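Reading through the structure tokens given below for one structure.
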Amino acid sequence: MRKNLLVGLSMCVVLANISPVLIAQQNNLAYAVAWKQTAAEHTALYHQGFNIARMQLEIAIAKRSEFEKPLAIISDVDETLLLSKSYWGYMLASGYDFFDDAEWDAWVGEDLFTPSPGSIEFAEFCRQNDVDIFYVTNRNQGETTFDLARKNLETAGFGKVETNHLIVLRDTSNKEVIQQQIMQDFEVIVLLGDNLNDFSRDYYVTDVEQRRSLVSEKRKGFGVRNIIFPNPTDGHWLRAIYGDSEPPASSINREILHAAASSAAWQKAKK
Ligand SMILES: [Mg+2]
């Protein structure tokens, strides 16, 4: 009971900082962020992903002598290895209902990321077994992007990040070119990401059904070569709805989201 009271009080404190207009409107992000912040299922999915990645690595390590190149994995950074819980908590507490790039850039500089569940142990397993980790990210915080990304990873506990193992793609979200380059020198066993674009540029289409049918076509690769982590707040799945991965907060975009969410609505017969 006391715990519930404290939760209620803390909510009041949070809400006191928000204008009545923002409190009154439905926040598009609330369910997704609440799930990321609280659901043990969210935690379990990360452990599941890293467990599967480790299983694939164990298979490869057992037959390492068959490979001509050293073993490696390629991982996305944000919402794959690093979680941005306090950014999303701040966004909700401040009344935002869409991702905000300026707030994100300011928050990234604060170095408040937390490692995703199981990620540190997985990275340690890679290190102990001479499996190189390549970090590939589409972040863009200007000239500071690389240094910030490295600092965020190291602060979160990923150990020293070598310069040639962190690739920051500021001008493009197409990861395939660098992936192909890495694969020339390394036997890449798995790719990790929270966005299908972390695996293949094929998914970079602005059509919801097309993305889904591509996943069906490539289904045998999931849990084998491609390990996907959950992210209900941001990513190219939003681009398929809006045509833009980071749509501005607007009435029309709230209507577009509502239409997408109710696209499979039950046509209940009137009695
Ligand atoms: Mg990501």
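Summary table
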{"item": "Test: Ile178 is aliphatic (A, V, I, L, M), closer than 28 Å to Arg239 by Cβ and within 18 Å of the chain's Cα centre (by Cα)", "result": "no"}
{"item": "Filter result for the condition that a residue is under 30 Å from Met183 (Cα atoms) and modelled with pLDDT of 95 or more, over Asp100, Asp76", "result": "Asp76"}
{"item": "Scan of the range 69-107 for residues that are over 12 Å from the mean Cα position of the chain (by Cα), outside any helix (DSSP H, G or I) and small (Gly, Ala, Ser), ordered by number", "result": "Ala72, Ser94, Gly95"}
{"item": "Verdict on Glu121 being out of contact with any strand residue (DSSP E or B) (no Cβ under 7 Å at 6 or more places or on another chain) and at pLDDT below 95", "result": "no"}
{"item": "Given (1) closer than 24 Å to Tyr87 by Cα; (2) more than 18 Å from the chain's Cα centre (by Cα), index of the condition Ser213 fails", "result": "(1)"}
{"item": "The range 128-145, residues that are more than 17 Å from Val190 (Cβ to Cβ) and more than 15 Å from the ligand (Cβ to nearest atom)", "result": "Gly142, Glu143, Thr144"}
{"item": "One residue from Ile61, Ile74 being in contact with a strand residue (DSSP E or B) (Cβ under 8 Å, 6 or more places away or on another chain), buried (at least 19 other Cβ atoms within 10 Å of the Cβ) and more than 13 Å from Ser116 (Cβ to Cβ)", "result": "Ile74"}
{"item": "Complete set of residues in the range 108-146 that are part of a loop (DSSP other than H, G, I, E, B) and among the acidic types (Asp, Glu)", "result": "Glu110, Asp111, Asp130"}
{"item": "Residues within the range 145-173 that are modelled with pLDDT under 95 and polar (S, T, N, Q), tallied", "result": "2"}
{"item": "Those residues of the range 217-256 which are β-branched (Val, Ile, Thr) and either within 16 Å of the ligand (Cβ to nearest atom) or within 25 Å of Ala72 (Cα to Cα) (or both), in sequence order", "result": "Val224, Ile227, Ile228, Thr233"}
{"item": "Which listed residue is within 18 Å of His236 (Cβ to Cβ), within 16 Å of the ligand (Cβ to nearest atom), free of Cβ contacts under 8 Å to residues at least 60 places away in the same chain and surrounded by 14 or more Cβ atoms within 10 Å (Cβ to Cβ), from Leu191, Leu196, Leu214, Leu148", "result": "Leu196"}
{"item": "Boolean, Lys175 is surrounded by fewer than 16 Cβ atoms within 10 Å (Cβ to Cβ) and of a type in the set (Lys, Arg)", "result": "no"}
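The values are calculated or read from the model by the stated rules, or taken from the named source; none is laboratory data. If you're wondering where the values come from, they're calculated on a predicted model, not measured in any experiment. In this analysis, Cβ positions are derived from the backbone assuming ideal geometry, glycine residues included, and neighbour counts consider all displayed protein chains.
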